[in-house]
Amino acid sequence: MPHLRVNGVNLYYKFHGPEDGELVILNNGVFMNTTSWAMQLPALSRHYRVLTYDMRGQGQSEHPDSEYTFALHTHDLLGLMDGLGLEKAHMVAPPTAAS
């Protein structure tokens with residue numbers, strides 16, 4: 001299982017699809033993890049290089065006893081991208097109740 005230490009926690013991540021495809025990052029919502037994208041992943045990974053990851057406190061990432069904020073999750077994602085040498089990506093988030 002690939003993990004990367006980012007901002008003091010181990011984050012789980014996995015790449016799918018062709019290495020030369022445009023990068024798409026699937027961001028989890030609250031109470032989600034990488035398995036939440038199982039229905040979308042086959043179609044996306046045929047054409048794109050897809051990065052799935054578990055935010056801190058989710059799935060296979062570390063679950064520290066501390067407050068989680070959107071700002072912290074943002075810094076974690078930026079740290080993950082930096083650590084993996086990723087400069088830019090298309091971001092996909094799940095729909096919200098207001099959508």
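The values are calculated or read from the model by the stated rules, or taken from the named source; none is laboratory data. Since the structure is predicted, the reported quantities are computational estimates derived from the model, not experimental observations. Please note: Cβ atoms are built from the backbone with ideal geometry, for glycine as well, and neighbour counts cover all protein chains shown. In case anyone asks, the SASA skips ligands and DNA or RNA and just uses the protein heavy atoms, side chains included. Shrake-Rupley method; radii C 1.70, N 1.55, O 1.52, S 1.80 Å.
The HN-Hα couplings worked out from phi for segment 11-25 by the Karplus form 6.51 cos²θ - 1.76 cosθ + 1.60 (θ = phi - 60°) are 9, 7, 8, 7, 9, 9, x, x, 4, 8, x, 4, 7, 10, 10 Hz, whole numbers, x standing for Gly and Pro. Between helix 70-83 and the chain there is an angle of about 60 degrees, using the helix long axis and the longest principal axis of the Cα atoms. In sequence order, segment 28-37 has phi-based couplings of 7, x, 5, 6, 10, 8, 4, 5, 5, 9 Hz under the Karplus curve 6.51 cos²θ - 1.76 cosθ + 1.60, θ = phi - 60°, and Gly or Pro positions carry x. The residues packed around Gly59, meaning those with a beta-carbon under 14 Å from its beta-carbon, carry a net charge of -1 if Lys and Arg are +1 and Asp and Glu are -1.
Put simply, the Cα atoms of the chain extend 38, 33, 23 Å along their principal axes, the longest span coming first. The amide H of Gly57, built 1.01 Å from its N in the peptide plane, has Glu62, His63 as neighbours under 5 Å, considering only residues 5 or more places off or on other chains. Its Cα centre serving as origin, the chain has a Cβ charge dipole (Lys and Arg +1, Asp and Glu -1) of approximately 220 debye. Could you compute the net charge surrounding Gly17? Neighbours are other residues with a C-beta less than 12 Å from the C-beta of Gly17; K and R count +1, D and E count -1. Within the 12 Å Cβ shell, the charges total 0. Expressed as a whole percent, the accessible area of segment 19-99 that falls on carbon and sulfur atoms is 57 (1.4 Å probe).
Per residue, the chain exposes 63 Å² of solvent-accessible protein surface, assessed with a 1.4 angstrom probe and all protein chains in place.
Report the FRET efficiency, 1/(1 + (r/R0)^6), for His47 and Leu84, where r is their Cβ-Cβ distance and R0 is 22 Å, rounded to 0.05. For R0 = 22 Å, the calculated efficiency reads 0.65.
Along each principal axis, taking the top coordinate minus the bottom one, the Cα set of segment 60-99 gives 34, 30, 20 Å in descending order.
Here each label is just a point 7 Å from Cα along the line to Cβ, and for Thr69 and Asn7 those points are 1.0 nm apart.
Net charge in the neighbourhood of Tyr48 (other residues with Cβ under 15 Å of its Cβ; Lys, Arg +1, Asp, Glu -1) is +1.
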